[in-house]
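What follows is a short report on a single structure.
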Amino acid sequence: MERTENLIMQEDRWKPLKEMNLTDDFLFDVATAELENCKTIIELSTGLRLKSLKWKEGQKVIHNIPGKRGIRMDFVAESEDGRVFDVEMQNRKEGNIPKRTRFYQALMDAPMLKSGEKGFDKLKPLFIIVICDYDPYGMKKYCYTFESRCKEQPDLLLGDEVTKLFLSTKGENGDEVSKELVDFLHYITESNEHGLPEECDERLRRLHESIQEIKTSTSVEVEYMKMEERERLVKEEAIERGLREGRIRGREEGREEGREEGRKEGRIEGRKEGERIGEERLANLLMKLSKQNRQEDSIKALEDLEYRKKLYEEFGV
């Protein structure tokens, strides 16, 4: 049990709710349960001004055709004017994020059209926003914006109305982007009073107030503790199961290795015993032949195995 607890602690250090930042999944999920917080995050990420969001879904799951992979998104929202926003928080550099957004786009577009519907005009403008706590392209940019353009005529947009934004908390080009975006991305990594500039956008200040309410909420703290306990128990059970399976497999492998070693030793001992018996049998035959002065038969018995077998039968050796 002690070993299991050590393994769990090494894998994932527990962080108190008050020390969490928006890069932490739990705090981001709770914060984005509020529609106004979602609107603020979208506006500060994109620079857009939205009248309102008419719906929002947190931890939205989109299923693919049976047997194929689906997706789980942090939150998806639609604005009053029909624009759809998928916002993802990425705190670790893992997986192929560009191709992941390509897959997300495909599965988000598909449900927008009904079976048999003609044309594609009802596909809504789509924004996929990935907030990264690292630099996805290593160019020290706070924001990497991608739209489909004509290679031969760069100012010619494809017109598919899909925009992909990769935001980086590690950017250094503050003179090329808005102060609102820089302040927001810094606050993402230090979601407390120290991460809030004295002079900042009012929307960011309201987001901070909401975050502080969450961090001081007893009910949220209880829910977080329950979630941590559930995850700890699941991890503990998984590790214990792994250890049990490892011990069983180890014993089975040990037994098999023991059996194989025994078989090897048996074969070696068997060969040795067979050689000893064969030598004694041959020596006995040669002695009998010598007593009868059959020297030629002795020489032939040493050279010819078949002849030696006949002599064994003759003397009953």
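The values are calculated or read from the model by the stated rules, or taken from the named source; none is laboratory data. This structure is a prediction, so every number in the text was calculated from the model and none was measured. Neighbour counts are summed over all protein chains in view; Cβ atoms, including those assigned to glycine, are modelled from backbone coordinates with ideal geometry. In case anyone asks, the SASA skips ligands and DNA or RNA and just uses the protein heavy atoms, side chains included. Shrake-Rupley method; radii C 1.70, N 1.55, O 1.52, S 1.80 Å.
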Within the group 75, 103, 146, which residue is surrounded by 13 or more Cβ atoms within 10 Å (Cβ to Cβ) and under 22 Å from residue 23 (Cα atoms)?
75
Those residues of the range 169-199 which are in a loop (DSSP other than H, G, I, E, B) and of a type in the set (Asp, Glu) amount to 172, 190, 198, 199
Filter the range 149-171 down to the residues that are in contact (Cβ under 8 Å) with a residue 12 or more places away in the chain and either in contact with a helix residue (DSSP H, G or I) (Cβ under 9 Å, 6 or more places away or on another chain) or open to solvent by 90 Å² or more (accessible area, probe 1.4 Å) (or both) and list them by number.
161, 162, 163, 164, 165, 166, 167, 168, 169, 170, 171
I'd like the residue in the range 198-228 that is among the acidic types (Asp, Glu) and open to solvent by less than 80 Å² (accessible area, probe 1.4 Å) and, out of all such residues, is nearest to residue 25 (Cα to Cα).
228
Considering only residues of the range 254-293 that are acidic (Asp, Glu) and open to solvent by less than 100 Å² (accessible area, probe 1.4 Å), which is modelled with the lowest pLDDT?
273
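Matching residues to (1) touching a Ser or Thr at 6+ places or on another chain (Cβ under 6 Å); (2) at pLDDT below 90; (3) surrounded by 14 or more Cβ atoms within 10 Å (Cβ to Cβ); (4) among the hydrophobic types (A, V, I, L, M, F, W, C):
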{"site": "11", "(1), (2), (3), (4)": "no, yes, no, no"}
{"site": "19", "(1), (2), (3), (4)": "no, no, no, no"}
{"site": "31", "(1), (2), (3), (4)": "no, no, yes, yes"}
{"site": "36", "(1), (2), (3), (4)": "no, no, no, no"}
{"site": "44", "(1), (2), (3), (4)": "no, no, yes, yes"}
{"site": "62", "(1), (2), (3), (4)": "no, yes, yes, yes"}
Determine whether residue 83 is surrounded by 12 or more Cβ atoms within 10 Å (Cβ to Cβ), at pLDDT 85 or above and basic (Lys, Arg).
yes
Sort out which residues of the range 174-185 are open to solvent by 20 Å² or more (accessible area, probe 1.4 Å) and out of contact with any helix residue (DSSP H, G or I) (no Cβ under 7 Å at 6 or more places or on another chain), and write them in order of number.
175, 176, 177, 178, 179
Quick check, is residue 310 open to solvent by 100 Å² or more (accessible area, probe 1.4 Å), modelled with pLDDT of 70 or more and more than 23 Å from residue 30 (Cα to Cα)?
yes
